[in-house]
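First up is the structure itself, then whatever we jot down about it.
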Amino acid sequence: MPFVKAVYRRALFLLLIATPPFVLISAKVMAAAPTPARGPTVAIKGFAFAPQVIVVKPGTTITWTNADEDPHTVTANDKSFHSAAMDSDDTFSFTFTRQGEFAYFCSLHPHMTGKVIVKG
Ligand SMILES: [Cu+2]
């Protein structure tokens with residue numbers, strides 16, 4: 001039915017030109033941009049945590065990103081937080097609510113150590 005097809009095509013065309021450009025742009029940006037880390041970040045690179053010591057205020061979420069080709073974990077000495085084995089580019093986030101010093105290491109490479117200091 002050519003008439004129905006034409007109407008349908010016209011409706012689709014009107015929908016496209018009626019859609020405000022910012023809707024199309026923002027949808028594209030949202031699809032393309034990776035989820036931004038909202039708090040401080042720690043890189044895991046060259047079998048080390050960088051920065052090795054980080055000082056944050058209570059309530060801060062820290063995100064670790066594995067920039068190595070090898071898997072790593074983020075494991076608290078007191079087991080208060082513990083990531084799974086993280087592959088390349090995997091992230092792990094933890095929100096620190098208690099004040100104190102939290103030493104951690106990589107359970108796969110225990111010589112890799114870091115520390116989170118939480119103080120207000
Ligand atoms: Cu490791």
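The values are calculated or read from the model by the stated rules, or taken from the named source; none is laboratory data. A quick note: this is a predicted structure, and the numbers were derived from the prediction, not measured. Every residue, glycine among them, receives a Cβ derived from its backbone with ideal geometry; neighbour counts consider all protein chains shown.
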Of the conditions (1) modelled with pLDDT under 95; (2) in the same structural domain as F105 (by TED's automatic domain parsing), the single one that A11 does not satisfy is (2)
If we keep only residues of segment 92-120 that are away from the ligand (no atom under 15 Å from the Cβ) and of a type in the set (S, T, N, Q), then the residue surrounded by the most Cβ atoms within 10 Å (Cβ to Cβ) is S93
Selection from segment 85-110 of residues within 12 Å of T73 (Cα to Cα), in a loop (DSSP other than H, G, I, E, B) and out of contact with any Leu (no Cβ under 8 Å at 6 or more places or on another chain) yields D87, S88, D90, C106, S107, L108, H109, P110
